[in-house]
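Trainee: Encoded as structure tokens, here's the structure I'll be asking about.
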Amino acid sequence: MRKVDVADIAVAIAELSMDANYNLGEDVLKSLNEALKAEVSPVGKNILVQLIDNARIARDNQVPICQDTGYAVIFVELGQDVHLVGGDLYEAINQGVRKGYGEGYLRKSIVADPINRINTKDNTPAVIHIDIVPGDKVKLIMAPKGGGSENMSAVKMLTPSDGAKGVIDFIVNAVSDAGSNPCPPIVVGVGIGGTLEKAALLAKKALLRELGQSNKDSFYSAMEKEILEKVNNLGVGPQGFGGRATALAVHIETYPAHIASMPVAVNINCHAARHKERII
Amino acid sequence: MKVKKISAPLRDEDVMQLKAGDNVLISGVIYTGRDAAHKKIFDLVQSGEPLPVDFAGQMIYYVGPSPAKPSEIIGSAGPTTSGRMDAYTPMLLELGLKVCIGKGSRSQAVRDALVKHKAVYLASTGGAAALLAKTVKRADLVAYSELGPEAVYRLEVEDFPATVVNDVYGKDLYEEGRKKYEITNLKEVD
């Protein structure tokens, strides 16, 4: 058993919180530049130029890309040959979020209760997803998630007879209904199959995939392409002002389904599609 | 692209110059306020108590900035989704507010109130928060410090960029822009 001190995990989470919020991924920047070249709307072009400038300013000054520095969503892939020492893993992750959001001048956007709404003032607790995997490493992924785009997400329990068309229509309608709200150009994460919660988690995980990579299954990579074309034909465009670039990418993840069910979840991310990872 | 420059306080005739789709640069004073501040102001109006700000002729920006670093005037400061303020906006327009700034579409009730009270809704670029913060030259706390990022600040800005979405003539840039660039199967057949 390899020993890993949870204090090292806390430090990593703090650093990843700042890194993810200051430094837009190269894949996203490349995708924004490609969208700028392809954009036909002058207003849309102007917005894309602003977004690319903004990413540069944030990186140069090490300040948040967006003031909404998000819910701290943390994925942990925990090697089964790792022995965690030094305390509680969940507490260590929250300690890391507290440190990263405090020292990094990131906004504290979490309220302790969904109805009574008192701010926890340190952006904790994080939403933590842990998978046990083979090996003796710990992989941490920090994916801050803004509220504006998260609010535009949708889930539906479709039935098998709805077929591929039903799935595609549901996803395109979710993007259409979202319109200007989720800060387009967006990234569309889709989870199909499993149960209600499995589909939602797959949709979230789909947002972690590098832009430019498609589903490994040719049927689903073709579906991703078809949906991307359909949503970009909606005309929503950058910031919803009209144009081609409504979405930068559509990522689909799937899981086996019950004979009676076909759950579909759509998790929308804004153009600040943030995630950073580290392996300990 | 022609850009119109505006500053508060604004009169009806200033606002009537602004058309959906216009790019504007704002200089001078804007007030911040989002969900919690709107609710507090709404409650004060309901109970007839004095307000922390006289909104007549002024602009309000739906923003909850990230904390400022010691060397900064303000942290990153992009717009939040305006739809959540819809319930409160007609009341502020009645008080004389002339410009609200955020992102995303507004309810029909807000759009009608903008026409009625001769006011406009502008969008600034959601997620361009570091860029927008650079236009802020001064930030003073006005009310509700207990709300943290949701407190009301008086900002002085210089060439803050925004786009007119809803004008006093009932036009909506989101609807028009989308219609202009939509590709339907019907059009492909044409």
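Trainee: Taking a spot 7 Å from the Cα of A:Thr195 along the direction of its beta carbon, which residues of segment A:256-280 have an amide N less than 12 Å from it?
Mentor: A:258
Trainee: Now for a separate question. Which ³J(HN,Hα) values, rounded to whole Hz and listed in residue order, are derived for segment B:66-80 from phi using the Karplus coefficients 6.51, -1.76 and 1.60 in 6.51 cos²θ - 1.76 cosθ + 1.60 with θ = phi - 60°, glycine and proline given as x?
Mentor: Once rounded to whole Hz, the list reads 6, x, 6, 6, x, 8, 10, 6, 8, x, 4, 8, x, x, 9.
Trainee: Using alpha-carbon pairs under 8 Å, 6+ residues apart, how would you state the relative contact order of chain B in percent?
Mentor: The normalised contact order for chain B reaches 28 percent.
Trainee: Please compute the Kirkwood hydrodynamic radius over segment A:57-172, one decimal place, Å, based on all pairs of different Cα atoms.
Mentor: Averaging 1/r across every pair of different Cα atoms and inverting gives 17.0 Å.
Trainee: Continuing with the same structure: Please report, in whole Å³, the volume per residue of the convex hull around the C-alpha atoms of segment B:127-190.
Mentor: In segment B:127-190, the Cα convex hull volume per residue is 175 Å³.
Trainee: Ranked highest first by average number of other Cβ atoms within 10 Å, how do A:132-144, A:78-90 line up?
Mentor: Sorting A:132-144, A:78-90 by mean packing, highest first, produces A:132-144, A:78-90.
Trainee: Can I ask one more? Mind telling me which of A:Gly44, A:Gly104, A:Gly212 comes out most flexible in a GNM of chain A, alpha-carbon contacts under 10 Å?
Mentor: A:Gly212
Trainee: Can I ask one more? If you average over every viewing direction, what projected area does the convex hull of the Cα atoms of segment A:148-272 give, in nm²?
Mentor: 6.6 nm²
Trainee: So, one more: Which value, in debye to the nearest 20, gives the size of the charge dipole of the protein assembly as shown about its Cα centre, when Lys and Arg are +1 and Asp and Glu are -1 at the Cβ? Show your work: numbers first, answer last.
Mentor: Numbers: 54 positive and 57 negative charges, 121 e Å.
With Lys and Arg at +1 and Asp and Glu at -1, about 580 debye.
Trainee: A further question on this structure: Which residue, A:Ala260, A:Ala12, A:Ala206, has the most motion in a Gaussian network model of chain A that connects Cα atoms within less than 10 Å?
Mentor: A:Ala260
Trainee: Still on this structure, please answer the following. With the contact rule set at Cα under 8 Å and sequence spacing of 6 or more, what percent relative contact order holds for segment A:148-272?
Mentor: Reported relative contact order: 44 percent.
Trainee: Report, ordered by chain and residue number, the lysines lying within cross-link reach of B:Lys118, taken as a straight Cα distance under 29 Å and ignoring same-chain residues fewer than 8 apart.
Mentor: B:Lys2, B:Lys4, B:Lys5, B:Lys19, B:Lys39, B:Lys40, B:Lys98, B:Lys103, B:Lys137, B:Lys171, B:Lys179, B:Lys180
Trainee: At 0.36 nm per residue, minus the direct Cα-Cα distance, what do A:Asp60 and A:Glu277 gain on full extension? Give it in nm, one decimal, please.
Mentor: Details: separation 217, 0.36 × 217 = 78.12 nm, distance 2.07 nm.
Here the segment from A:Asp60 to A:Glu277 would lengthen by 76.1 nm.
Trainee: Quick one: plug the Kirkwood hydrodynamic radius of chain B (C-alpha pairs) into Stokes-Einstein at 20 °C, 1.002 mPa s, and report D in µm²/s.
Mentor: 127 µm²/s
Trainee: Under a point-charge model restricted to the Cβ atoms of Lys and Arg (+1) and Asp and Glu (-1), what is the dipole moment magnitude of segment B:3-189 relative to its Cα centre, in debye to the nearest 20?
Mentor: 380 debye
Trainee: Under 10 Å, Cα contacts only: if you run a Gaussian network model on chain A, which one of A:Glu253, A:Glu26, A:Glu229 comes out with the highest mean-square fluctuation?
Mentor: A:Glu26
Trainee: Here's something else I'd like to know. Determine, for segment A:148-272, the count of lysine pairs separated by eight or more sequence positions (or lying on different chains) whose alpha-carbon distance falls under 20 Å.
Mentor: Close lysine pairs under the 20 Å cut-off: 13.
Trainee: So what's the projected area for chain A, the Cα convex hull averaged over all directions, in nm²? Intermediate values should be presented prior to the final figure.
Mentor: Working: hull surface 61.1 nm².
That works out to 15.3 nm², a quarter of the Cα hull's surface.
Trainee: For the protein assembly as shown, what's the radius of gyration and Dmax over Cα atoms, in angstrom?
Mentor: Taking only Cα atoms of the protein assembly as shown, I get Rg and Dmax of 22.5, 75 Å.
Trainee: What does the average come to when, for each residue of peptide A:265-273, you count the partner chain Cβ atoms lying within 10 Å of its Cβ?
Mentor: Partner Cβ neighbours, averaged per residue: 1.
Trainee: Averaged across the residues of A:222-235, what count of C-beta atoms belonging to other chains lies within 10 Å of each residue's C-beta?
Mentor: Mean shielding by partner chains, rounded to a whole number: 2.
Trainee: Moving to a separate point now. If you filter segment A:52-153 for GluC sites (Glu not before Pro), then keep DSSP loop positions with at most 14 other Cβ within 10 Å, what is left?
Mentor: Here no loop site has a sparse enough neighbourhood.
Trainee: Right, another one. Can you give the angle from 0 to 90° between the axis of helix B:35-46 and the longest principal axis of chain B, with both taken from C-alpha atoms, to the nearest 10?
Mentor: Between the helix axis and the principal axis of chain B, the angle is about 70 degrees.
Trainee: Then there is this: Taking segment A:98-133, which trypsin sites (Lys or Arg not before Pro) meet the DSSP loop condition and have no more than 12 other C-beta atoms within 10 Å? Walk me through the intermediate numbers first.
Mentor: Values: sites: A:Arg98, A:Lys99, A:Arg107, A:Lys108, A:Arg117, A:Lys121; in loops: A:Arg107, A:Lys108, A:Arg117, A:Lys121.
Sparse-neighbourhood loop trypsin sites (Lys or Arg not before Pro): A:Arg117.
Trainee: Projected onto the charge dipole of the protein assembly as shown (+1 at Lys/Arg Cβ, -1 at Asp/Glu Cβ, origin at the Cα centre), which of B:Gly78, A:Val111, B:Ile26 gives the Cα projection farthest towards the positive end?
Mentor: Result: B:Ile26.
Trainee: Right, another one. Take each complete run of DSSP H in chain A, measure how far its Cα atoms stretch along the helix's own axis, and keep only those covering 15 Å or more with mean Kyte-Doolittle hydropathy at least 0.5; list them.
Mentor: The qualifying helices are A:6-22, A:163-178.
Trainee: Just from its helices, what would the mean residue ellipticity at 222 nm be for chain A, if runs of 4 or more DSSP H residues each count -39500 (n - 2.57) and the sum is divided by every residue, rounded to the nearest 500 deg cm²/dmol?
Mentor: The per-residue figure over chain A is -13000 deg cm²/dmol.
Trainee: Excluding the sites themselves, what is the longest stretch of chain B that contains no trypsin sites (Lys or Arg not before Pro) in a DSSP loop with at most 10 other C-beta atoms within 10 Å?
Mentor: Excluding the exposed sites themselves, the longest stretch runs over B:12-190.
Trainee: With an 8 Å Cα cut-off and a minimum separation of 6 or more residues, compute the relative contact order for chain A in percent.
Mentor: After rounding, I find 26 percent.
Trainee: Under the rule of at least 5 residues apart or a separate chain, name every residue whose amide H is placed under 5 Å from the amide H of A:Gly135.
Mentor: Amide H to amide H, under 5 Å and 5 or more residues apart or across chains, A:Gly135 pairs with A:Gln80, A:Asp81.
Every number here is computed from the coordinates shown, using simple stated rules; none is lab data. Because the structure is predicted, anything quoted here is derived from the model rather than measured. All Cβ positions, glycine included, derive from the backbone under ideal geometry; neighbour counts span all protein chains shown.
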